[in-house]
């Protein structure tokens, strides 16, 4: 399970520029995954609206189900991002868990 006990992220110092770049890369990849799924949703609504009118189950049309799925996907991707960044950060021995506030900010 992801540890969300939460040390403040605003005072966190990265162990290295490499760690910061890796976290940005994780975020970019997860964003692209979401972007592809969202583009499919928009494309279906634009070019095949009759597909989105279908009612697969529970009396809800596909547009509603797909939209709710997008929200759930965003939450799942956020948890994955948090887990990836924390798991990767634990591999850096110089990572500061409770840093002093930065003086240059």
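Structure data summary
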| quantity | calculated |
| --- | --- |
| Two-site label geometry, residue 45 and residue 61: point separation in nm, points 7 Å out along Cα→Cβ | 1.2 |
| Orientation-averaged projected area, Cα convex hull of the stretch 17-89 (nm²) | 5.5 |
| Inter-label distance for residue 86 and residue 25, nm, one decimal - labels placed 7 Å from Cα along Cα-to-Cβ | 2.2 |
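No lab work stands behind these numbers, since they all come straight from the coordinates. These numbers were taken from a predicted model, which means no experiment stands behind them. Here Cβ is always computed from backbone atoms with ideal geometry, including for glycine, and neighbour counts include all displayed protein chains.
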